[in-house]
Amino acid sequence: MVNKSLNTEKLLYALRKLLPTEESYPLHEPLFSGNENKYVQECIDTGWVSSVGKFVDRFEVDLAAYTGVKRAVAVVNGTAALHVCLLLSDVQPDDEVLVPALTFIATANAVTYCHAVPHFVDSAYNTLGIDPDALDSYLSEIGEIRADGCYNRKTGRRIRAVVPMHTFGHTVDMDKMVNVCEKYKLALIEDAAESIGSFYKGRHTGNFAHIAAMSFNGNKTITTGGGGAVLTNDEELGKLAKHITTQAKIPHRWAYAHDRIGYNYRMPNINAALGCAQLEELPRFVEKKRRLAEKYRKALEDVPGVKFFVEPEFAKSNYWLNAILLDKDIANERDHVLETLNDAGIGSRPIWELMYTMPMFKDCPRMDCKVAEDIGRRLINLPSSVRLGE
Ligand SMILES: *Cc1c(COP(=O)(O)O)cnc(C)c1O
């Protein structure tokens with residue numbers, strides 16, 4: 001590249017203070033520094049590697065304790081957790097479910113697993129997640145409230161639920177979100193896949209909806225290899241979540257009796273063993289991630305043309321992935337910046353493509369998503385592994 005812009009060079013120079021040349025830096029790598037080996041070895045030694053075992057039970061109890069919910073149910077991955085959340089929120093075929101236009105594809109995919117229709121919503125600049133004010137005024141135009149819920153005047157379909165997602169660990173404004181849901185009779189489901197360790201006004205994410213989904217994929221703040229969880233403060237829903245993720249089998253010593261359609265979505269014990277060890281480390285991980293974010297913020301303070309994304313004032317974020325926004329007038333330099341950083345061993349990526357640009361979602365209903373489109377053009381994620389905050 002011959003036409004390196006001034007901005008890119010200054011940016012690279014600033015980042016080198018945190019990320020020296022000797023190494024390369026993936027976007028997010030896991031850290032195993034605690035009891036991971038010991039607990040996984042115990043599974044192998046005892047033969048308890050599969051879908052039941054003491055680590056599954058312990059992981060669910062520890063996760064509920066950390067997040068403050070009544071019940072956590074461990075599942076195979078975050079996408080399955082979202083599917084379960086939607087099923088248990090009575091999302092019916094042909095219902096619409098409001099999801100952010102700017103999210104990881106799993107949020108929208110899970111809606112289609114219920115034969116429902118994703119309906120895309122714009123983002124807020126202060127959180128990167130759903131803008132509850134914009135959603136409120138949009139629903140006041142297109143929504144019609146009937147006895148059994150909110151209907152879309154344009155499509156005639158019921159709008160059953162909304163799924164705010166806490167982007168990169170920054171929380172949506174949940175007080176406002178809860179108000180919108182009450183006003184329009186919508187079920188509230190949190191996609192908390194990225195936000196373990198993130199708090200809104202002192203309360204952990206996943207506590208605001210009647211049901212929430214988490215992910216423990218390899219690139220998340222803590223990992224179980226692959227894994228997820230359903231969180232709820234409703235004991236009955238918690239029991240149902242366990243039931244339908246266990247093939248809806250009626251517990252019995254030998255009989256195979258099932259009382260509804262179920263799924264094989266349980267998290268294996270060997271994955272939960274990893275999860276128990278990672279949960280022990282989580283408070284330290286979050287501290288280190290927040291320290292890393294502060295280092296980035298300082299290092300980038302005086303770099304022209306870029307702005308480090310800082311948590312909204314009501315949130316204490318886990319800073320799962322650190323993000324910068326290029327100024328609007330240099331948005332077209334994004335791919336050049338990405339190329340320069342990746343060439344230099346600095347694993348950086350753009351935010352996801354907007355959901356409605358994908359062929360399978362192009363005809364879905366949506367509001368005007370001009371903020372999401374603008375963020376989508378200008379955002380770059382930077383290396384965010386826990387160890388970088390040490
Ligand atoms: C990671 C992620 C998921 C899905 O989790 P998996 O465990 O990979 O299935 C869902 N939603 C969002 C926003 C995510 O970032």
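The values are calculated or read from the model by the stated rules, or taken from the named source; none is laboratory data. Since we're looking at a predicted model, the values are computed, not measured. Note that we place each Cβ from the backbone using ideal geometry, even for glycine, and neighbour counts take in every protein chain shown. Each accessible area value is taken on the protein alone, full model and side chains, heavy atoms only, with ligands, DNA and RNA left out. Shrake-Rupley method; radii C 1.70, N 1.55, O 1.52, S 1.80 Å.
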Any chance you could look up the accessible area of Met360 with a 1.4 Å probe, heavy atoms only, rounded to 10 Å²? 110
In Hz, Karplus ³J(HN,Hα) per residue of segment 199-214 (6.51, -1.76, 1.60; θ = phi - 60°; x = Gly, Pro): 10, 10, 6, x, 10, 5, 4, x, 9, 9, 7, 6, 7, 9, 10, 10
What is the gain in length, in nm to one decimal, between Gln247 and Glu313 on full extension, counting 0.36 nm per residue of separation less the C-alpha to C-alpha distance? 19.5 nm
What does the charge add up to near Thr171, with Lys and Arg as +1, Asp and Glu as -1, over the other residues with Cβ less than 12 Å from its Cβ? -3
If segment 187-275 were replaced by its equivalent ellipsoid, with semi-axes equal to the square roots of 5 times the Cα gyration tensor eigenvalues, what would those be, largest first, whole Å? 26, 18, 9
GNM on the chain, C-alpha springs below 10 Å: top fluctuator among Asp133, Asp90, Asp148? Asp148
Computed from the beta carbon distance with a Förster radius of 30 Å, FRET efficiency for Asp259 and Ser140 to the nearest 0.05 stands at 0.15
Would you work out if the chain is rounded, prolate or oblate? Take a ≥ b ≥ c from the square roots of the eigenvalues of the alpha-carbon gyration tensor; rounded if a/c is under 1.5, else prolate when a/b is larger than b/c, oblate otherwise. oblate
Set of aspartates and glutamates with alpha-carbon distance to Lys183 below 14 Å, sequence-local pairs under 8 removed: Asp133, Asp136, Glu141, Glu144, Asp148, Asp175
Candidate aspartates and glutamates for bridging to Lys242, where Cα separation is under 13 Å - those fewer than 8 sequence places away on the same chain excluded: Asp57, Glu60, Asp234
Test of understanding: in a Gaussian network model of the chain with alpha carbons linked when under 10 Å, which of Ala277, Ala331, Ala161 would top the mean-square fluctuation ranking? Ala331
For the chain, with the dipole built from +1 on Lys and Arg beta-carbon atoms and -1 on Asp and Glu ones, taken about the Cα centre, which of Val163, Pro30, Leu341 lies farthest toward the positive end? Pro30
Report the trypsin sites (Lys or Arg not before Pro) located in segment 154-196 that are in a DSSP loop and have at most 13 other Cβ atoms inside 10 Å of their Cβ, or state none. Lys154
By the scheme Lys and Arg +1, Asp and Glu -1, what is the net charge of all other residues having a beta-carbon under 10 Å from that of Gly389? +4
Net charge over other residues, Cβ less than 9 angstrom from the Cβ of Tyr138 (K, R count +1; D, E count -1): -4
The answer for GluC sites (Glu not before Pro) in segment 330-361 that fall in a DSSP coil and have at most 13 neighbouring Cβ atoms within 10 Å is Glu353
Can you list which of the chymotrypsin sites (Phe, Trp or Tyr not before Pro) found in segment 227-306 are DSSP loop residues with at most 10 other C-beta atoms within 10 Å? Trp254, Tyr256
Kindly flag which residue pairs out of Lys154/Lys239; Lys185/Lys288; Lys17/Lys328 have an alpha-carbon separation exceeding 28 Å in this structure. Lys154/Lys239; Lys185/Lys288
With every protein chain present, what accessible area does Arg266 have (1.4 Å probe, heavy atoms only), rounded to the nearest 10 Å²? 60
Quick check: at a probe of 1.4 Å, how many percent of the accessible area of the chain sits on carbon and sulfur atoms? 51
Would you work out which of Leu102, Pro132, Ala187 lies farthest towards the positive end of the dipole of segment 36-280? Charges go on Cβ: Lys and Arg +1, Asp and Glu -1. Ala187
With all protein chains present, calculate the accessible area of Ser33 using a 1.4 Å probe and round the result to the nearest 10 Å². 70
